[in-house]
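So the structure is just underneath, and the comments pick up after that.
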Amino acid sequence: ALQWGVLLRMQGIYLPFREVVSLYFTGIFFNNFFVGGVGGDAVRVYEVRRSTGRGSAAFAATLLDRLLGFFALSVFACGTVIFFPSLPVSPAMGVGLLVLLTGGLALLLSRRASGLVERLALRILPRTIGERVSRVREGLLRGRFNLPMLALACGISLGVQSLRVSVHYWTGRALGVHAPLSTFFAFVPLIAVAAAVPISFGGIGVRENFGVFLFRRVGVEPTAAFSMEFLAYLVSLAAGLIGGASFVFRGAKEVRSVSE
């Protein structure tokens, strides 16, 4: 939530931190029930647009928020497989993921590349959609001209994603899995990318089976690996219940204000 708040401020959107936390946890709650885990992002953008009228800027901030998370995870994966060559993972996987996400982030922040996308959108898409693409492009380019805030968001993202990896590590320890921490920093980023593919609700099934595929390479029994990944999902689901309660409370406040 702190990272997303920094990116919103970079777009000129200033919301009370309490509201940023509420909206972010609401997004986490809905991400657990949508294909690809992006439904919560749409909820966040919608709520910010409803509060401020700046939907395109909110979309740009939320897109950067998601990309920085994957970028931080790819840094972990790449660094781990390079510095721990004994891991049964090809360094090319981590390096390829890092190059792919770094290139995508660079293209989004590139004036020339994003300008080409904007011109194509204005030429091919309906006018209203093309104008929205232009506004989103302007929001993304704000990161290029505000590098200190973008660097701050990157630093926060590295801390957040390290905590995300630690959830998998400690759920594994709770189940008697004693794989080295380095394997989690190598495998969890790859599992997160696989779970983001929009083929199941909340990544259920994809996350667990890909975890089995990876962790059995370091001697983790398949049932334990499956249970570990599913338990990590349940932990995130439990944390997301805060967002569900926040969503209900926000709706109740609006009902009261309308009735008054």
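The values are calculated or read from the model by the stated rules, or taken from the named source; none is laboratory data. What you see is a predicted model, and the numbers here were worked out from it, not measured in a lab. Quick reminder, even Gly has a Cβ in these numbers, built from the backbone with ideal geometry, and neighbours come from all protein chains shown. These area figures cover heavy atoms from the full protein model, side chains too; ligands, DNA and RNA do not enter into them. Shrake-Rupley method; radii C 1.70, N 1.55, O 1.52, S 1.80 Å.
Tell me, what is the per residue accessible area of the chain in Å², probe radius 1.4 Å? Display every interim value, and only then the final one.
Working: 13340 Å² over 260 residues.
Heavy-atom SASA per residue in the chain reads 51 Å².
Which residues in segment 59-78 have a backbone N closer than 18 Å to a point placed 7 Å from the Cα of T102 along the Cα-to-Cβ line?
Once the point is set 7 Å along Cα→Cβ of T102, 67-78 turn out to lie under 18 Å by backbone N, inside segment 59-78.
Taking R0 as 30 Å, what FRET efficiency do you get between I204 and L158 from their Cβ-Cβ distance, rounded to the nearest 0.05?
Values: r = 27 Å, r/R0 = 0.90.
Once rounded, the FRET efficiency stands at 0.65.
Sorted by accessible area (1.4 Å probe), largest first, how do I199, I28, I82 line up? Don't jump to the answer; show the numbers that get you there.
On the way: I199 120, I28 55, I82 90 Å².
If we order I199, I28, I82 from most to least accessible, we get I199, I82, I28.
What net charge is computed for the residues neighbouring A179, neighbours being all others with C-beta under 12 Å from the C-beta of A179, Lys and Arg scored +1, Asp and Glu -1? Don't skip to the answer; put the middle values down first.
On the way: positive: R173, R216, R217; negative: E221.
After counting each charged neighbour, the total is +2.
So how much slack lies between S166 and Y14, counting 0.36 nm per residue of separation and subtracting their Cα-Cα distance, in nm? Provide the component values of the computation, followed by the final result.
Numbers: separation 152, 0.36 × 152 = 54.72 nm, distance 3.13 nm.
Stretched out fully, the S166 to Y14 stretch lengthens by 51.6 nm.
Given points 7 Å out from each Cα along the Cα-Cβ axis, report the L234 to V38 separation in nanometres with one decimal.
3.0
Quick one: plug the Kirkwood hydrodynamic radius of the chain (C-alpha pairs) into Stokes-Einstein at 4 °C, 1.567 mPa s, and report D in µm²/s. Write down the numbers at each step before the final one.
Working: Rh = 19.6 Å.
D, rounded to a whole number, is 66 µm²/s.
Return the distance in nm (one decimal) between the two label points of a simple spin-label model at R216 and A113, each offset 7 Å from Cα along Cα→Cβ.
3.7
How many percent of the accessible area of the chain is carbon or sulfur, using a 1.4 Å probe? Present the calculation step by step, with values, prior to reporting the outcome.
On the way: 9210 of 13340 Å².
Carbon and sulfur atoms account for 69 percent of the accessible area of the chain.
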